[in-house]
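The values are calculated or read from the model by the stated rules, or taken from the named source; none is laboratory data. Please read these numbers as outputs of a predicted model, since none were measured by experiment. Positions of Cβ are generated from backbone atoms using ideal geometry, with glycine treated the same way; all protein chains shown enter the neighbour counts.
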């Protein structure tokens, strides 16, 4: 019997595509996918939930091409093993569908026709495309990460279903309180116990939900498209009624860190040292160098009477003004008749200006109410805490 060839290996450092790692995701098949027997329509359109992520491998990146060569070798070994074990025939080898796609050469379906992958997805041009996946039946792949201190740590398991559990606990408490309110004296003690038990369950559900959010926050920080990772994979030859091929099972994953989240841009790439120096020079020239034109005009208005601004120096921003000489006002001489008319006229009443917040004159309190001010207010009755106060 021939020795089985190696089909398991590690990739180099690659950049993770959109991940399905926090929770397994199922996909529905299209109408033109694998044929099924009559009556199996519902089953045909379902797929087993899986974990994984796609990756694009740049043909111009030597490190990426090392991973491409590793995957190609694993695929060849998986095909050889399938033929040696008589799971494949020569025809299967000819029509085999490889999970590693050359976007510039391999065709994919686009509706009713086939097109080059790069034509349908231009961002994949000059790249190899591979999807690393793992069935949920095999369990989540092992995932660890290197923290900021260089220590390898295990990524905690996600805590799922906390939202539903929290809602169920809240409903249970409401039902228990309603039962207690409707219970008679004979059943009240048991109803009280149910309320206290429901309150305990709700508190546990809240604590579990808080822990789940903490774990989810760490996952969101580390697991995202564009993150640097290294994966261990196994090439697997498969065969169905409609064809054969090789896929790559995701076994374990190490999150290296330092990746740039897809759709975002690194600050140092957008703003170089030259950009910052230019911004500082602009600030020094326009902000910190001289007072603004408005400040200069305000200063002139304070000390000078002027007709108009003659000129503004474009380089310095200084304002040249023509001072205006103050003119002496000639006194008005009134005739005696005019003076008498002015003296006989009654002065017009002054319009009283009120501020927006006009203070009202305090209301005087009659003597009959003086005694009420001396009396001490009656104390408010305190509400007694019953033995069942903790139930509501």
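Structure data summary
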item	result
Test result for residue 251, exposed (fewer than 14 other Cβ atoms within 10 Å of the Cβ) and at negative phi	no
Search result, residues across segment 109-126 that are farther than 16 Å from residue 59 by Cα and touching a strand residue (DSSP E or B) at 6+ places or on another chain (Cβ under 7 Å)	114, 115, 116, 120
Selection count, segment 48-92, where residues are touching a helix residue (DSSP H, G or I) at 6+ places or on another chain (Cβ under 8 Å) and on the phi > 0 side of the Ramachandran plot	0
Qualifying residue in segment 133-150 (condition: within 19 Å of residue 10 (Cβ to Cβ) and out of contact with any strand residue (DSSP E or B) (no Cβ under 7 Å at 6 or more places or on another chain))	yes
Spans of strands (runs of 3 or more DSSP E) in segment 127-224 with at least 3 residues within 30 Å of residue 59 (Cα to Cα) and in contact (Cβ under 8 Å) with a residue 24 or more places away in the chain	127-135, 142-146
Residues being surrounded by fewer than 13 Cβ atoms within 10 Å (Cβ to Cβ), at pLDDT 95 or above and closer than 12 Å to residue 51 by Cα - total across segment 135-152	0
Among the candidates 132, 93, residue that is under 15 Å from residue 247 (Cα atoms), in the same structural domain as residue 16 (by TED's automatic domain parsing) and at pLDDT 95 or above	132
Matching option when the condition is out of contact with any strand residue (DSSP E or B) (no Cβ under 6 Å at 6 or more places or on another chain) and surrounded by 12 or more Cβ atoms within 10 Å (Cβ to Cβ), among 194, 155	194
Residues of segment 46-65 that turn out to be surrounded by 14 or more Cβ atoms within 10 Å (Cβ to Cβ) and in contact (Cβ under 8 Å) with a residue 24 or more places away in the chain, as a count	12
Enumeration of residues in segment 179-198 that are farther than 24 Å from residue 210 by Cβ and either touching a helix residue (DSSP H, G or I) at 6+ places or on another chain (Cβ under 8 Å) or modelled with pLDDT of 95 or more (or both)	179, 180, 183, 188, 191, 192, 194
